[in-house]
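A short write-up of the structure that comes next.
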């Protein structure tokens, strides 16, 4: 398609996108052809009007112009390419320079977030708007709405942590994340969020009673869905917490993980002897306890039952063999 450029002025001009309204840009003059021009080695076939809109915005950026027309142009640029960092950045500069109504921008960003829930740029812009307002009331409810639409939206989960860091209502968050795990026990984002909440509620290292409760929680989920990787990773996170202790060797050789861990692993292996997650958990616990022969045998077994990661398990086996 041919590039669309501004035309003559007429009574219908304001039905056009702002980049194509001739009367708005009289002072700009001719704009050099962008990278889609005929001289380009491999011209990019932009949609009509796209290249001109962004070239015009770059002219304003170069002039340091932060105006009402620049603000309106940024909205058009975002509508043409919502992933453009430059367009969002320029919009924020215009908003700040003009002292614009941030409440009105909050309304716009609500619509953009609903329309583009996987767009990182819109979530970053949302944070900027909320920080400018300094008001976070209703934001957790908005994020709950977004997570009902897509419970695995990484951006929404990250935004939830960001908001909680500002409002501080961490104690109310565990029931929320419990519900999300109940709705979908394979939601890795919900599991990661649960651990993040615990680390805000308690100082590190987490208290032993909290660790034991979370281990039991993970084991319950494992019993419900043995081939679900999420609770296995969650469980091993707490086992590694023990292994990270400066006295790890002493503690793990004597430390008794709650009996539910061993019982859960063995129960799963009885019903699913080639369950990769159960074998991995058993091997890693044995390695942390410096039970080399047991861990080596399990890493060899994993090479058979998990051929996709065969070489990884070989590396783990060789590393232990050198130590024994």
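The values are calculated or read from the model by the stated rules, or taken from the named source; none is laboratory data. Source: prediction; values computed, not measured. Virtual Cβ from ideal backbone geometry, glycine too; neighbours counted across all protein chains shown.
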Q. If residue 268 passes every condition in (1) free of Cβ contacts under 8 Å to residues at least 24 places away in the same chain; (2) in contact with a helix residue (DSSP H, G or I) (Cβ under 9 Å, 6 or more places away or on another chain) but one, which one does it miss?
A. (1)
Q) Just a yes or no: is a residue in the stretch 189-202 more than 22 Å from residue 230 (Cα to Cα), surrounded by 15 or more Cβ atoms within 10 Å (Cβ to Cβ), in contact with a helix residue (DSSP H, G or I) (Cβ under 8 Å, 6 or more places away or on another chain) and modelled with pLDDT of 95 or more? A) no
Q. Across the stretch 81-91, what is the number of residues that are surrounded by fewer than 19 Cβ atoms within 10 Å (Cβ to Cβ) and in contact (Cβ under 8 Å) with a residue 24 or more places away in the chain?
A. 6
Q.
With the structure loaded, tell me whether residue 316 is closer than 19 Å to residue 227 by Cα and either within 33 Å of the chain's Cα centre (by Cα) or without any contact (Cβ under 8 Å) to a residue 24 or more places away in the chain (or both) or whether it fails that test.
A. no
Q) Do you know which residues across the stretch 1-34 are outside any helix (DSSP H, G or I) and at pLDDT 70 or above? A) 16, 17, 21, 26, 27, 28, 29, 30, 31
Q) For the stretch 125-146, how many residues meet the condition of being under 24 Å from residue 176 (Cα atoms), assigned to a helix (DSSP H, G or I) and touching a residue at least 12 places away in the same chain (Cβ under 8 Å)? A) 9
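Table: residues versus (1) closer than 15 Å to residue 281 by Cβ; (2) over 18 Å from the mean Cα position of the chain (by Cα).
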| site | (1), (2) |
| --- | --- |
| 158 | no, no |
| 175 | no, yes |
| 205 | no, yes |
| 221 | yes, yes |
Q) Quick one: is residue 40 surrounded by 11 or more Cβ atoms within 10 Å (Cβ to Cβ), at pLDDT 85 or above and assigned to a loop (DSSP other than H, G, I, E, B)? A) no
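Residue by residue, here is whether (1) under 25 Å from residue 125 (Cα atoms); (2) touching a strand residue (DSSP E or B) at 6+ places or on another chain (Cβ under 6 Å); (3) in a loop (DSSP other than H, G, I, E, B); (4) at pLDDT below 95 holds:
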position	(1), (2), (3), (4)
36	no, no, yes, yes
48	no, no, yes, yes
51	yes, no, no, yes
56	yes, no, no, yes
74	yes, no, no, no
78	yes, no, no, no
87	yes, no, no, no
92	yes, no, no, no
Q: Restrict the check to the stretch 153-166 and report whether at least one residue is outside any helix (DSSP H, G or I) and either in contact with a strand residue (DSSP E or B) (Cβ under 9 Å, 6 or more places away or on another chain) or modelled with pLDDT under 95 (or both).
A: no
Q | Restricting the stretch 276-295 to residues that are surrounded by fewer than 21 Cβ atoms within 10 Å (Cβ to Cβ) and more than 19 Å from residue 258 (Cβ to Cβ), the residue that is farthest from the chain's Cα centre (by Cα) | A | 293
Q. Checking residue 185 against (1) part of a loop (DSSP other than H, G, I, E, B); (2) surrounded by fewer than 16 Cβ atoms within 10 Å (Cβ to Cβ); (3) in contact (Cβ under 8 Å) with a residue 24 or more places away in the chain, which single condition isn't satisfied?
A. (2)
Q: Just name the residue that is farthest from the chain's Cα centre (by Cα) out of those in the stretch 223-253 that are modelled with pLDDT under 70 and outside any helix (DSSP H, G or I).
A: 247
Q | Number of the condition not met by residue 274 [criteria: (1) in a helix (DSSP H, G or I); (2) under 18 Å from residue 228 (Cβ atoms); (3) touching a residue at least 12 places away in the same chain (Cβ under 8 Å)] | A | (1)
Q. Which of the residues that make up the stretch 261-275 are surrounded by fewer than 19 Cβ atoms within 10 Å (Cβ to Cβ) and closer than 19 Å to residue 216 by Cα?
A. 262, 263, 266, 267, 269
